[in-house]
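All of the numbers you see were taken from the coordinates with simple rules; none came from a lab. Keep in mind it's a predicted model, so treat the numbers as computed, not measured. Because the Cβ atoms are built from the backbone with ideal geometry, glycine has one as well, and the counts that use them run over all protein chains shown.
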Amino acid sequence: MADIIRTPQQLGNLIRRQRRKLGLTQAALGVRTGQRQSMISQIEQGYPSLRLDTLIDLLAALDLDLQAAPRDRSTVDDAIARMLLGGNDD
């Protein structure tokens, strides 16, 4: 099943999960993508400013593809309603 990514934190979590699944350290992923280990760490923590070419390099190194799909409006509307009503996703 595909992950739905809507925040930098969700993207970071996906990258961390896939890196670990492949048995890579942050340093090893950094070597594959030309990034420092510290940058991989920041990205996994949801670093909000990420260049598109860096993202594409990371996804390729992790054997992942980037896809875009229309949002399910009912999901978006439900999330907005929870925010407005002070609901919690936890």
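What to note about this one:
- Radius 14 Å from Cβ of GLY34, net charge of other residues (Lys, Arg +1; Asp, Glu -1): +1
- Of the peptides 57-68, 5-16, the order by per-residue mean of other Cβ atoms within 10 Å, starting with the highest, comes out as 5-16, 57-68.
- Nearest-ten-degree value, helix 52-61 long axis tilted from longest Cα axis of the chain: 70 degrees
- Estimated at 0.36 nm per residue, the fully extended path between LYS21 and SER49 surpasses their Cα-Cα distance by 7.6 nm.
- Think of each Lys and Arg Cβ as +1 and each Asp and Glu Cβ as -1; about the Cα centre, that makes the dipole of the chain roughly 320 debye.
- Nearest-ten-degree value, helix 8-21 long axis tilted from longest Cα axis of the chain: 50 degrees
- Under the criterion of Cα pairs below 8 Å and six or more residues apart, the relative contact order for segment 8-84 equals 32 percent.
- Farthest toward the positive end of the dipole of the chain, out of LEU22, ILE80, LEU55, is the Cα of LEU22, where the dipole comes from beta carbon charges about the Cα centre.
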